[in-house]
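Asks: Questions regarding the structure given below will be posed in turn.
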Amino acid sequence: YRGAPCHRKQWYQRRVRGAQFDAYMGSMEAYLADKTYLVGEGVTLADLTVTMYLRDMYNMILDEAERTKYTNVTRWFTTIINQDEVIRVLGTTALCTKPAQFDAKLFAANHPKPQQKPKQEQKPKQEAKPKQEAAAPAAAAAPKKEAAKKPFQDLSKPKLDLDTFKRLYWNEETPVIMKYFDENFVDGEWSVWTAHYKYNHELSQTHKTNNLVKGLMQRAETMKKFAFGLMYVFGNPYDQVITGIWMGRGDKNFFFEDESWQVDIVNYDMERLDMALPQNRALFERWLSGGFDDWQGKPFEKEHIF
């Protein structure tokens with residue numbers, strides 16, 4: 001179908017609304033309910049193969065309304081399609097906002113019917129020129145693609161450099177990190193948020209809980225140069241919580257700057273902290289120092305760093 005983009009309408013009716021496609025997607029939806037990947041605990045050839053099969057669907061056919069029918073498949077798809085190596089080879093894949101429609105005029109302009117030569121024609125080479133001139137409007141008829149808006153392109157360069165902050169986090173003691181933070185953090189250039197998972201009562205096995213957090217971070221991989229985050233899992237199987245803290249660009253919830261970053265964060269309660277308040281600064285410092293051995297009586301289980 002990649003070779004026949006102008007027949008999207010018929011193809012959509014035949015494939016998307018057909019029982020075969022519904023059965024296929026329904027099967028994947030059920031299979032991926034408690035899995036991050038198709039096989040095992042990491043990306044495999046199976047994930048890459050099926051993702052490529054569905055890429056055109058998510059890019060041109062499955063709009064937001066259609067994607068709500070397949071939330072598990074969409075979560076898995078965005079995880080794979082936003083892997084660094086996948087983006088390096090394919091570029092960024094945008095999710096469909098409006099299904100592609102068959103454009104008869106554009107199809108006719110790009111596929112002109114061959115003109116028959118007059119029977120009395122003696123100079124075919126001279127008659128070829130009008131065909132070239134007629135083809136020019138067809139090329140001009142193709143719509144130009146608008147350049148994709150880059151995340152946070154409207155913001156000026158911040159005083160706090162995120163790479164420096166992350167380097168200090170990995171190599172220095174907490175007082176050194178906080179000194180740099182206090183001297184360079186400007187409210188509005190950056191904002192700090194707590195994140196608490198909304199559905200802790202549904203968490204079960206520990207490896208599945210950790211996969212939820214890993215999936216969030218993998219799908220937000222392209223946000224790494226704009227944000228820093230710590231997410232902790234606390235508790236024992238079937239009695240766990242996921243909670244954490246984030247710092248990101250701007251004064252709004254930075255996860256909503258890009259559609260691919262929103263897939264998981266809608267499942268979290270996010271609250272912005274006023275960093276001018278001493279108690280909020282102290283909370284941020286406690287997170288940076290790893291000062292949580294338990295959360296509401298539930299023991300520390302695993303740390304995830306973004």
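The values are calculated or read from the model by the stated rules, or taken from the named source; none is laboratory data. Computed from a predicted model, the values in this text were never measured in an experiment. Every residue, glycine among them, receives a Cβ derived from its backbone with ideal geometry; neighbour counts consider all protein chains shown. Protein only, heavy atoms only, side chains kept; ligands, DNA and RNA dropped before computing areas. Shrake-Rupley method; radii C 1.70, N 1.55, O 1.52, S 1.80 Å.
Asks: What's the total number of residues in the range 170-206 that are more than 24 Å from residue 268 (Cα to Cα) and open to solvent by less than 30 Å² (accessible area, probe 1.4 Å)? Lay out the reasoning, then the answer.
Replies: Restricting attention to the range 170-206, the residues satisfying the condition of being more than 24 Å from residue 268 (Cα to Cα) are 170-186.
Subsequent filtering for residues that are open to solvent by less than 30 Å² (accessible area, probe 1.4 Å) retains 174, 177-178, 181, 184.
Number satisfying all stated conditions: 5.
Asks: While we're on this one: Somewhere in the range 271-281, is a residue exposed (fewer than 13 other Cβ atoms within 10 Å of the Cβ), in a helix (DSSP H, G or I), at pLDDT 90 or above and not β-branched (Val, Ile, Thr)? Talk me through it step by step, then tell me what you get.
Replies: Going residue by residue through the range 271-281, those that are exposed (fewer than 13 other Cβ atoms within 10 Å of the Cβ) are 271, 274, 276-279.
Now drop any that are not in a helix (DSSP H, G or I), which leaves 278-279.
Checking which are at pLDDT 90 or above leaves us with 278-279.
Adding the requirement that they be not β-branched (Val, Ile, Thr) leaves 278-279.
Within the range 271-281, one or more residues are exposed (fewer than 13 other Cβ atoms within 10 Å of the Cβ), in a helix (DSSP H, G or I), at pLDDT 90 or above and not β-branched (Val, Ile, Thr).
Asks: Moving on to the next point. Taking helices (runs of 4 or more DSSP H) that fall entirely within the range 36-99, which contain at least 2 residues that are over 16 Å from the mean Cα position of the chain (by Cα) and under 25 Å from residue 210 (Cβ atoms)?
Replies: Details: elements: 45-56, 64-67, 71-81, 84-90.
Ranges flagged: 45-56.
Asks: Check off (1) out of contact with any helix residue (DSSP H, G or I) (no Cβ under 9 Å at 6 or more places or on another chain); (2) open to solvent by less than 20 Å² (accessible area, probe 1.4 Å); (3) closer than 21 Å to residue 154 by Cα for residue 287 and give me the number that stays unchecked.
Replies: Every condition holds for residue 287 apart from (3).
Asks: From the list 29, 41, 85, 66, pick out the single residue that is modelled with pLDDT of 90 or more and of a type in the set (Asp, Glu).
Replies: The conditions single out 29.
Asks: Kindly list the number of the only condition in (1) in contact with a strand residue (DSSP E or B) (Cβ under 7 Å, 6 or more places away or on another chain); (2) surrounded by 13 or more Cβ atoms within 10 Å (Cβ to Cβ) that fails for residue 264.
Replies: Failed condition: (1).
Asks: Check whether at least one residue in the range 233-247 is open to solvent by 70 Å² or more (accessible area, probe 1.4 Å), within 22 Å of residue 294 (Cα to Cα), among the polar types (S, T, N, Q) and over 21 Å from the mean Cα position of the chain (by Cα), and report yes or no. So that I can check it myself, show each step before the final result.
Replies: At the first step, the residues of the range 233-247 found to be open to solvent by 70 Å² or more (accessible area, probe 1.4 Å) are 236-239.
Those still in the list that are within 22 Å of residue 294 (Cα to Cα) too: 236-239.
Applying the additional criterion that residues be among the polar types (S, T, N, Q) yields 236.
Next, only the ones that are over 21 Å from the mean Cα position of the chain (by Cα) stay: 236.
Taking every residue of the range 233-247 in turn, at least one turns out to be open to solvent by 70 Å² or more (accessible area, probe 1.4 Å), within 22 Å of residue 294 (Cα to Cα), among the polar types (S, T, N, Q) and over 21 Å from the mean Cα position of the chain (by Cα).
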